[in-house]
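The structure appears below as structure tokens.
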Amino acid sequence: MLQMVEPGKTRIGWIGTGVMGRWMCQHLLDAGYSMTIHSRTKAKAEPLLAAGAIWADTPAQVAAQSQVAFSIVGFPEDVRQVFFGPEGMLAGAEVGTILVDMTTTAPSLAEEIAEVAQKKGVFSIDAPVSGGDVGAREARLAIMVGGDKNAVDAVVPLFSLMGKSIMYQGPAGCGQHTKMCNQITIAGTMIGVCEALLYGARAGLQLEVMLASISKGAAGCWTLENLAPRILRRNFDPGFFVEHFLKDMQLALDEARRMRLPLPGLALVHQLYTAVQAQGHGRCGTHALILALEHMAGRPSSPTS
């Protein structure tokens, strides 16, 4: 049984201080854990450095100075570099170190990391999250965990500082497979919410009143409560980038193809988001899907007319 983590004693590492990682790391700092951090853009780490975190020049240095090291970066190729690169975490991790990747990435990559880590005497956990910037900031994330069960049990106190739902899914890759299910559900929900807004606008409804009504019934969901109001305010700041959601949907489609599983709904939404990115909105939040649908419907029927 691995030793449980403890503030003031367990050394923590963190790689990736973007929209979500910045807040997730902050919660661990606030709880009293010593923190060594690295980010591709150092300026994004400045608030954490000001709060007491220590900078490392490479992921390998982060791992070498940590008993538990987390990563949350952008794309599978970034994960591969962070773990397998010449200055990656696996190059710096000592025997017994626990490495936790919270990026949404390919289940097969999580399995590959776990296989290599095991040969080095290192523990590996895949723990993608859902909840966006709000969930990260308010420590209300849903965390889907795969990997060595003993290692997972040891770091649950850390997960509990970042999220409200921490559920073990099974061996390496199972956390990522669960996240694929999450993203498939979000894709279908998002197009439903956006089309409801377009329909309501065309029908002449007061959209705020309509949303208040349907969110209390069977249509109620996180997207309706949190992102539909942002659409009405024309606030497309990212809680989660369109370009990252496109990556996630492609991962799910690739996995489905490998399993010979047709997912026509996901394929449709993926194409629509490709249009959103082509229109220049790849760095907007996922609710920017409305922009592509408005373009198809014509401006006079949009919620902002």
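The values are calculated or read from the model by the stated rules, or taken from the named source; none is laboratory data. These numbers were taken from a predicted model, which means no experiment stands behind them. Using ideal geometry, Cβ is built from the backbone for each residue, glycine included, and neighbour counts are taken over all protein chains shown.
Details
Residues checked against (1) of a type in the set (F, W, Y); (2) crowded, with 21+ Cβ neighbours inside 10 Å; (3) touching a Pro at 6+ places or on another chain (Cβ under 9 Å):
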site: H38; (1), (2), (3): no, yes, yes
site: A43; (1), (2), (3): no, no, no
site: G52; (1), (2), (3): no, no, no
site: A69; (1), (2), (3): no, yes, yes
site: V73; (1), (2), (3): no, yes, no
site: R80; (1), (2), (3): no, no, no
site: F84; (1), (2), (3): yes, no, no
site: A91; (1), (2), (3): no, no, yes
site: I98; (1), (2), (3): no, yes, no
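- Candidates M249, M210: the one that is over 24 Å from the mean Cα position of the chain (by Cα) and in a helix (DSSP H, G or I) is M210.
- Top-ranked residue of region 187-207 - restricted to ones that are of a type in the set (G, A, S) and not in a helix (DSSP H, G or I), ranked as surrounded by the most Cβ atoms within 10 Å (Cβ to Cβ): A203
- Residue in region 131-181 that is nearest to I98 (Cα to Cα), counting only those that are touching a Gly at 6+ places or on another chain (Cβ under 8 Å), crowded, with 17+ Cβ neighbours inside 10 Å and of a type in the set (V, I, T): V145
- Filter result (among the basic types (K, R) and in a helix (DSSP H, G or I)) within region 116-143: K119, R137
- Q250 closer than 27 Å to V73 by Cα, free of Cβ contacts under 8 Å to residues at least 24 places away in the same chain, surrounded by 14 or more Cβ atoms within 10 Å (Cβ to Cβ) and not assigned by TED's automatic domain parsing to the domain that holds E138: yes
- Among the candidates F245, F240, the residue that is closer than 25 Å to R22 by Cα, out of contact with any Gly (no Cβ under 8 Å at 6 or more places or on another chain) and in contact (Cβ under 8 Å) with a residue 24 or more places away in the chain is uniquely F245.
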